[in-house]
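S.K.: Here it is, the structure in full.
The values are calculated or read from the model by the stated rules, or taken from the named source; none is laboratory data. As the structure is a prediction and not an experimental result, all values here were calculated from the model. In this analysis, Cβ positions are derived from the backbone assuming ideal geometry, glycine residues included, and neighbour counts consider all displayed protein chains. Ligands, DNA and RNA are stripped out before the accessible areas are found, and what is left, the full protein with its side chains, is counted by its heavy atoms. Shrake-Rupley method; radii C 1.70, N 1.55, O 1.52, S 1.80 Å.
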Amino acid sequence: MSANEIVFDNVSKFYGDVLGVNRVDLHIPPGITSLVGPNGSGKTTLMNLMTGLIHPNSGVIHVRGLSPYAPEKLMKIMGYATQYDAGPRGATGFDFIFTGLLLHGFSKAEAQSRTWQAIERVGLTVAAKRKVAGYSKGMRQRIRLAQAIAHDPLVLILDEPLNGLDPLVRAETIALFRDYGANGRHVVLSSHVLQEVDVFSDQVILIANGMIVAEGQIKSVREEIHEHPSQFLLHCKDASRVASLLFAEAHVSEIKLAPEGDGLLVLTRNREAFSAALERIALSGIDIDGVIPTDENVDALYEYLIGGGR
Amino acid sequence: MNPGQQIWMIAKLELGRVFFSRRSFWVYLLAIFPTVIFLGHALDFSLKAKQWGGDRKTSAEALNQVQTGMTDEKVLQLLGKPINDSIRKRRIRRDQDPAAEKQPEVRRFMMYFDGKRRVDLRFEDGKLVSRNMRLLMNFEEDRKVYAGMFQFFYLRLGIFFGCLGIFINLFRGEMLDRSLHFWFLAPVKREVLLLGKYLAGLIAAALIFGTGALFSFLAMVLPQDASEVQTFWQTIGLEHAFWYVAAAMLGCVGYGSIFLAAGLLLKNPIIPAIVMLLWEGINGFLPGVLQKLSVLHYLQSLCPVPAPLPNDMPAVMKMLLAPAAPSSVPLAVLGLLALTVLVLLAAMQAARRLEINYGTE
């Protein structure tokens, strides 16, 4: 275990019978890491797990060598901008941050100074003395970000931080992430749009249905998705002959014949090449009654993440 | 910041929310209710004294001279004009109804007031047949009434439900408000957070109910006869006041810890309230060891005046209302504190495991 990484070791979390995340193994190095997945995929669960707001049913988590079960140590180095809107009842933006800093043990003067710095950094100085309950969605997003950075943490966790921000503020916020991501700190943020985060993320973790689908640098994730084997079910009368022809194709990695002999399951690494091969087989006079993709999860996820599914 | 400072910091931050929470505003009404009752009693006396006082007041010495058998004319001569004087006459046909032989034809009622006592005189056919004297402010009786009110209402219901309202909201209320994560994301041990919140609840509850106990006690004592009050303060008054306030505050210590733990373990506050009420209610029937697991048992042991129980009350009711075998004062205080520590330790375990899961609230 590296003292500089966020480590998930075979972590599972269930909410009763509902799966949160399942058998997650992750090593997140310093830099900007984006958790990307559709709504309900388990992004917030991962973030809540690493901040100790929820506990895993199995597995172990360490954040830079610290356990989420020890908030008195972990929260000294961590800031978490949650998606939860509510803060202390009736608190102003200033109070919201100032109170948190007092709990960190800063003196009143130091807490005041840090509060104003954080508020200035997110551009909320004018609204600082207004009640958070009266803030717009974007302002709440920013005040939560200010609270997360106010104590200058080594690990910054941000749940959908770009939601509700106008383009100018979004650019400023991304600049802040870049600034934070440098100097060996962690910035872990979540999004359900890959295109939104791939330009500034050092690494991306794709998550769907509570499982890690792909992880790494954005380029390798894209390749991993494209190279992920796809499975198809072919319906044809002469399954053995089709199988022998497909075996000759380099992109086909596995074929299983149906017990009845009227179909076969094919695993391919290249959909386009597979499609061309099927065309050639059909043109050669062999009847193929149907082609059904049986494993499109990853592709579907990717399509969704880059915007096709929205 | 050491844990002690963190506890105090959390308590300070929480105090405002606890004192001014709209959700538990009714707690103040529970605390103030006994004071209102005794102030009402004092006001009633004051109004009657004003209404019947002045020229219409009769001297106590003269009132004491009145004996049964005296004629109404003689009483009027002795005491003067009464505050109330009513005469009821009826016609009796003695020849038709032999049973009516002994019934009077004229009944007369007079009422006098000597500044403290109301005296009702009943005359039949011109002769005094009964003299009923009643102190409008009877200190001894009022102290017993206060003891009953304190044990049967203030401890069993007021402080019980007040602590339920204050302490159960410390965690459960924040879960409902979706703001508990704010505390969980602070660099503070869950145990420290729990103790900080408990301290905030305790300060608020102890102040509200301790003050309520003191004010109601003063509202009971101060309107009494000045010389009696002076004697009372010089003898047992301060001690009684101290133990009533102490019992109220220790009630907050005990019930507070239980409802704080219940707020961590259960979603519905009605369940712990019913279970606790039942447990405290049947305490008198339990074996000695189990009686020590009741907050009320210790609190009743601290009360300086036993609560009055009418002689004709069924034995079962007496067992329910009276402490079965009161503990000594030091044992009661130590027992209550030990019980509180045990409950808080269990609450700490629950706090360590507590998760933010607003979706299921």
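S.K.: Applying the selection to the range A:273-310, what residues are at pLDDT below 80 and of a type in the set (D, E, K, R)?
M.R.: Correct list: A:Asp295, A:Glu296, A:Asp299, A:Glu303, A:Arg310.
S.K.: Restricting attention to helices (runs of 4 or more DSSP H) lying wholly within the range B:260-361, give those where 2 or more residues are of a type outside the set (A, V, I, L, M).
M.R.: Counting at least 2 such residues, we get B:270-281, B:288-291, B:295-302, B:329-353.
S.K.: Just to be sure I understand, how many residues within the range B:285-302 are over 20 Å from the mean Cα position of the chain (by Cα) and crowded, with 18+ Cβ neighbours inside 10 Å?
M.R.: The qualifying residues number 2.
S.K.: Can you name every residue in the range B:69-111 that is at pLDDT 70 or above, out of contact with any helix residue (DSSP H, G or I) (no Cβ under 9 Å at 6 or more places or on another chain) and open to solvent by 100 Å² or more (accessible area, probe 1.4 Å)?
M.R.: If the condition is that a residue be at pLDDT 70 or above, out of contact with any helix residue (DSSP H, G or I) (no Cβ under 9 Å at 6 or more places or on another chain) and open to solvent by 100 Å² or more (accessible area, probe 1.4 Å), then B:Glu73, B:Lys74, B:Gln77, B:Arg88, B:Lys89, B:Arg90, B:Arg91 are the ones that fit.
S.K.: Pick from A:His62, A:His104: which is out of contact with any His (no Cβ under 8 Å at 6 or more places or on another chain), in contact (Cβ under 8 Å) with a residue 12 or more places away in the chain and either open to solvent by 10 Å² or more (accessible area, probe 1.4 Å) or within 12 Å of another protein chain (Cβ to nearest Cβ) (or both)?
M.R.: Working: A:His104 fails: out of contact with any His (no Cβ under 8 Å at 6 or more places or on another chain).
Exactly one of A:His62, A:His104 is out of contact with any His (no Cβ under 8 Å at 6 or more places or on another chain), in contact (Cβ under 8 Å) with a residue 12 or more places away in the chain and either open to solvent by 10 Å² or more (accessible area, probe 1.4 Å) or within 12 Å of another protein chain (Cβ to nearest Cβ) (or both), namely A:His62.
S.K.: Here is a check on your reading of the model: is B:Asp142 out of contact with any Cys (no Cβ under 8 Å at 6 or more places or on another chain), in a helix (DSSP H, G or I) and not β-branched (Val, Ile, Thr)?
M.R.: yes
S.K.: Taking into account only those residues within the range B:150-180 that are more than 14 Å from every other protein chain (Cβ to nearest Cβ) and of a type in the set (Gly, Ala, Ser), which is nearest to B:Ser216 (Cα to Cα)?
M.R.: Filtering first and then ranking leaves B:Gly158.
S.K.: Could you look through the range A:76-89, keep only residues that are within 8 Å of another protein chain (Cβ to nearest Cβ), within 22 Å of A:Gly123 (Cα to Cα) and surrounded by fewer than 23 Cβ atoms within 10 Å (Cβ to Cβ), and pick out the one that is farthest from the chain's Cα centre (by Cα)?
M.R.: Going through the qualifying residues, I end up with A:Pro88.
S.K.: Would you pick out the residues in the range A:74-119 that are closer than 18 Å to A:Met139 by Cβ, part of a helix (DSSP H, G or I) and of a type in the set (A, V, I, L, M, F, W, C)?
M.R.: Passing the criteria: A:Phe94, A:Phe96, A:Ile97, A:Phe98, A:Trp116, A:Ala118, A:Ile119.
S.K.: Select, from B:Val188, B:Val145, B:Val192, the only residue that is in contact with a Pro (Cβ under 6 Å, 6 or more places away or on another chain), in contact (Cβ under 8 Å) with a residue 24 or more places away in the chain and either under 30 Å from A:Thr99 (Cβ atoms) or assigned by TED's automatic domain parsing to the domain that holds B:Val245 (or both).
M.R.: Answer to the check: B:Val192.
S.K.: For the range B:17-24, check the following and say yes or no: at least one residue is within 40 Å of the chain's Cα centre (by Cα), outside any helix (DSSP H, G or I), under 30 Å from B:Gly173 (Cβ atoms) and touching a residue at least 60 places away in the same chain (Cβ under 8 Å).
M.R.: Scanning the range B:17-24, I find at least one residue that is within 40 Å of the chain's Cα centre (by Cα), outside any helix (DSSP H, G or I), under 30 Å from B:Gly173 (Cβ atoms) and touching a residue at least 60 places away in the same chain (Cβ under 8 Å), so the answer is yes.
S.K.: Taking the stated definitions as given, is A:Val36 under 22 Å from A:Ala208 (Cβ atoms) and more than 14 Å from chain B (Cβ to nearest Cβ)?
M.R.: yes
S.K.: Search the range A:14-41 for residues that are surrounded by fewer than 18 Cβ atoms within 10 Å (Cβ to Cβ) and pair each with any residue that is part of a loop (DSSP other than H, G, I, E, B) and among the polar types (S, T, N, Q) when their beta-carbon atoms are under 6 Å apart and the residues are at least 6 apart or on different chains.
M.R.: A:Phe14/A:Asn57
S.K.: Starting from residues that are open to solvent by 60 Å² or more (accessible area, probe 1.4 Å) and within 14 Å of chain A (Cβ to nearest Cβ), keep the ones in the range B:308-361 and report whichever is modelled with the lowest pLDDT.
M.R.: B:Glu361
S.K.: Being in contact (Cβ under 8 Å) with a residue 12 or more places away in the chain, open to solvent by 10 Å² or more (accessible area, probe 1.4 Å) and either out of contact with any Leu (no Cβ under 6 Å at 6 or more places or on another chain) or farther than 16 Å from B:Ile166 by Cα (or both) is the filter here, so list the residues in the range B:242-260 that pass it.
M.R.: B:Trp243, B:Val245, B:Ala246, B:Met249, B:Val253, B:Ile258
S.K.: Quick one: in the range A:153-201, of everything that is free of Cβ contacts under 8 Å to residues at least 12 places away in the same chain and of a type in the set (D, E, K, R), which residue is surrounded by the most Cβ atoms within 10 Å (Cβ to Cβ)?
M.R.: A:Arg170
S.K.: Being outside any helix (DSSP H, G or I), more than 14 Å from chain A (Cβ to nearest Cβ) and open to solvent by less than 30 Å² (accessible area, probe 1.4 Å) is the requirement here; does B:Met133 meet it?
M.R.: No; evaluated as a whole, the condition is false for this residue.
S.K.: Restricting attention to the range B:190-206, does a residue exist that is open to solvent by 10 Å² or more (accessible area, probe 1.4 Å), at the interface with chain A (Cβ under 9 Å from one of its Cβ atoms), in a helix (DSSP H, G or I) and among the hydrophobic types (A, V, I, L, M, F, W, C)?
M.R.: Narrowing the range B:190-206 to residues open to solvent by 10 Å² or more (accessible area, probe 1.4 Å): B:190-192, B:195, B:198-199, B:202-203, B:206.
Then drop every residue that is not at the interface with chain A (Cβ under 9 Å from one of its Cβ atoms), which leaves B:190, B:192.
Of the ones still in play, those that are also in a helix (DSSP H, G or I) are B:190, B:192.
With the extra rule that they be among the hydrophobic types (A, V, I, L, M, F, W, C), the set shrinks to B:192.
Yes; the residues of the range B:190-206 include at least one that is open to solvent by 10 Å² or more (accessible area, probe 1.4 Å), at the interface with chain A (Cβ under 9 Å from one of its Cβ atoms), in a helix (DSSP H, G or I) and among the hydrophobic types (A, V, I, L, M, F, W, C).
S.K.: Another question about this same structure. Quick one: count up the residues across the range B:148-160 that are out of contact with any Leu (no Cβ under 6 Å at 6 or more places or on another chain) and crowded, with 19+ Cβ neighbours inside 10 Å.
M.R.: Step one: list which residues in the range B:148-160 are out of contact with any Leu (no Cβ under 6 Å at 6 or more places or on another chain), which gives B:148-154, B:156-157, B:159-160.
Within this subset, residues satisfying the condition of being crowded, with 19+ Cβ neighbours inside 10 Å are B:149-151, B:154, B:156, B:159-160.
Total satisfying the criteria: 7.
S.K.: Wholly within the range A:179-291, which strands (runs of 3 or more DSSP E) include no fewer than the required count, namely at least 3 residues that are under 16 Å from A:Ser34 (Cα atoms)? First the steps, then the outcome.
M.R.: Working: elements: A:186-191, A:203-208, A:211-216, A:230-235, A:252-257, A:263-268.
Strands (runs of 3 or more DSSP E) meeting the threshold: A:186-191, A:203-208, A:211-216.
S.K.: Looking only at the range B:21-63, filter to residues that are farther than 30 Å from B:Phe153 by Cα and open to solvent by less than 80 Å² (accessible area, probe 1.4 Å); which one of those is modelled with the lowest pLDDT?
M.R.: B:Gly54
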